[in-house]
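Colleague: Dropping the structure in here first, questions after.
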Amino acid sequence: MLRLIALSMLLLGSVTIFAAPQPSFAQDAAPAQSAPVFSSNVTDPQVKLDDLELLMVPMTVEELKALAAKWLDIVKTKTEQVVDAQISVAKANGDAKSTQRENLTKLYAERNYLFDRYTAVVNAWERKGGDAKEIAVYRDYQNAIFLEETRKADIKTLIAWAMDWMKADDRGLLFLKNAAIVVVAFLALIFVARIVRAIVRRWIGHVPNISDLLQAFIVGIIYWIVLAVGLMLVLSGLGVDVTPLFAVFGGASIIAAFAMQDSLSNLASGLMIMIYRPFDVGDYADIGGVAGTVKSTNIFATTVTTPDNQVIVIPNKNVWGNVITNVTASETRRVDLVFGIGYDDSIPEALKVLEQAVEAHPLVLKDPAPTIRVNELADSSVNLICRPWVKTSDYWTVYWDLTRYVKELFDSVGISIPFPQQDVHFIPVDPNKPVTPPVLEKTPSVDRESISSGDQGHTGDDK
């Protein structure tokens, strides 16, 4: 009985062992990566470019890499046909050559059609982070084909290719259409930018405490921003990738920063002038020795017109880096006049004449009161100062009027305005008196050790 039970248990254990699943090498090994599987539409040579770009949106980097390899095979096969046709053209003669050239042009157009899809796949692969070195290989392949085919083709073939490219709906005609759209859009953008500029100029004119220079700068910047942004939108709408433009502008700006240091200095100075407003358009200012009326200021230079109508353009860095005297910034100015009278003339009467002249002029302000005083006892005259206050716009009118009026009043009351005088005294000399020339000592003193002795403030007697 015990033997029967033991035998039964042994048989049951054997069955269990054999029935249990045995591990295999295939299960232990890592599963092999299968090739990416994608829709056959993305490798269809007749697929529309827009449809292909949409189909590639959900694809991963690995899928796009495999798709690029598929399209490489497609364009390679078509390129082989183009090369064969090009050889046939070179060997043919007469009418056969024209027929072969037409066939070559047709194959060339078909291959370019495929290359457009090929380029779209490579671009999508690059945008999603593909290996730059691998992508460069695909681009170099396409560039090398175009270069070699163009170099090997004869002039008639090149002309035929160019004409075929111009007639193609998706190439030359599309290019002309897009170029026309860009031109029309640019003209429309100029019109819109001018309208925006007029609106901004009207609005910014109501902003308090803002100079005309800063207003002109802001209006100009907004005008160019509208043009730039609008043109970017138009190009983007036409399918042009404007993202690389920002990288190009960034790199170009760094290079320009080194090459245009003086211009950038003028730009920074122009901004400081517009913000701090040391002068404004229409002000009469003395800028580093150049005096005149400020006509305009842009981000690089300030234009000044002198009283004799000379137009002077000053770089902004020279404006901001020099002393700026704004003559017409204040509403009122003081007219400084000096009148000289003779020492024999009556000072009280002269002061009375000056007061009379100032009070009689209608443009002289009552407040602040004018200052009339004796200022200096000069070599030839007693100088009186006359300092009335006027509006800034009346400065030169009052200056010239008082100068003439005071002279006439002085003449009427007998007060002289002396001119500079100098007394010269002559000392007589007896021509018969002999003149003895001075005797010069030619040898140094014996009390000195050298010629320079005694130069420290002592003589030989001090020893």
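The values are calculated or read from the model by the stated rules, or taken from the named source; none is laboratory data. Quick caveat, the model's predicted, so the values are computed rather than measured. Virtual Cβ from ideal backbone geometry, glycine too; neighbours counted across all protein chains shown. Ligands, DNA and RNA are stripped out before the accessible areas are found, and what is left, the full protein with its side chains, is counted by its heavy atoms. Shrake-Rupley method; radii C 1.70, N 1.55, O 1.52, S 1.80 Å.
Colleague: Among the residues of the range 147-195, write down those that are modelled with pLDDT under 65, more than 17 Å from PHE115 (Cβ to Cβ) and small (Gly, Ala, Ser).
Modeller: ALA160
Colleague: Right, another one. Can you tell me how many residues within the range 117-154 are among the hydrophobic types (A, V, I, L, M, F, W, C) and either open to solvent by 70 Å² or more (accessible area, probe 1.4 Å) or touching a Pro at 6+ places or on another chain (Cβ under 8 Å) (or both)?
Modeller: Summing the residues that are among the hydrophobic types (A, V, I, L, M, F, W, C) and either open to solvent by 70 Å² or more (accessible area, probe 1.4 Å) or touching a Pro at 6+ places or on another chain (Cβ under 8 Å) (or both) in the range 117-154 gives 3.
Colleague: So which of VAL327, VAL281, VAL313, VAL323 is in contact with a Gly (Cβ under 9 Å, 6 or more places away or on another chain) and either at pLDDT 75 or above or open to solvent by 40 Å² or more (accessible area, probe 1.4 Å) (or both)?
Modeller: Criteria check complete, one pass: VAL323.
Colleague: Continuing with the same structure: Restricting attention to the range 387-406, which residues are open to solvent by 90 Å² or more (accessible area, probe 1.4 Å) and either hydrophobic (A, V, I, L, M, F, W, C) or more than 51 Å from the chain's Cα centre (by Cα) (or both)?
Modeller: TRP396, TRP400, ARG404
Colleague: (1) open to solvent by 60 Å² or more (accessible area, probe 1.4 Å); (2) modelled with pLDDT of 70 or more; (3) more than 16 Å from the chain's Cα centre (by Cα): which one isn't true of THR243, the others all being true?
Modeller: Result: THR243 passes all but (2).
Colleague: So, in the range 86-99, how many residues would count as being surrounded by 19 or more Cβ atoms within 10 Å (Cβ to Cβ) and not β-branched (Val, Ile, Thr)?
Modeller: 1
Colleague: Also, quick follow-up: Please pick out the residue among LEU384, LEU354 that is outside any strand (DSSP E or B), touching a residue at least 24 places away in the same chain (Cβ under 8 Å) and either open to solvent by 70 Å² or more (accessible area, probe 1.4 Å) or not polar (S, T, N, Q) (or both).
Modeller: Within the list LEU384, LEU354, the selection yields LEU354.
Colleague: Checking the structure you have, find out if any residue of the range 108-116 is out of contact with any Lys or Arg (no Cβ under 7 Å at 6 or more places or on another chain) and either open to solvent by 70 Å² or more (accessible area, probe 1.4 Å) or part of a loop (DSSP other than H, G, I, E, B) (or both).
Modeller: no
Colleague: Moving to a separate point now. Anything in the range 117-134 that is hydrophobic (A, V, I, L, M, F, W, C) and in contact (Cβ under 8 Å) with a residue 60 or more places away in the chain? List them, or say none.
Modeller: Once the filter is applied, which keeps residues that are hydrophobic (A, V, I, L, M, F, W, C) and in contact (Cβ under 8 Å) with a residue 60 or more places away in the chain, the range 117-134 yields ALA120, VAL121, ALA124, TRP125.
Colleague: Which ones in the range 364-375 are more than 22 Å from VAL413 (Cα to Cα) and open to solvent by 60 Å² or more (accessible area, probe 1.4 Å)?
Modeller: Residues satisfying the conditions are LYS366, ASP367, ALA369.
Colleague: Counting only residues that are part of a loop (DSSP other than H, G, I, E, B) and of a type outside the set (Asp, Glu), how many does the range 124-139 have?
Modeller: The number of residues fulfilling the criteria is 3.
Colleague: Output the strands (runs of 3 or more DSSP E) that fall wholly within the range 274-347 and possess 3 or more residues being under 23 Å from THR371 (Cα atoms), or say none.
Modeller: 332-334, 337-341
Colleague: Which condition does PHE419 not pass, out of (1) surrounded by 12 or more Cβ atoms within 10 Å (Cβ to Cβ); (2) over 29 Å from ASN326 (Cα atoms), if it passes all the others?
Modeller: Of (1) surrounded by 12 or more Cβ atoms within 10 Å (Cβ to Cβ); (2) over 29 Å from ASN326 (Cα atoms), only one is false for PHE419: (1).
Colleague: All but one of (1) at pLDDT 85 or above; (2) open to solvent by 50 Å² or more (accessible area, probe 1.4 Å) hold for MET59; which doesn't?
Modeller: For MET59, the exception is condition (2).
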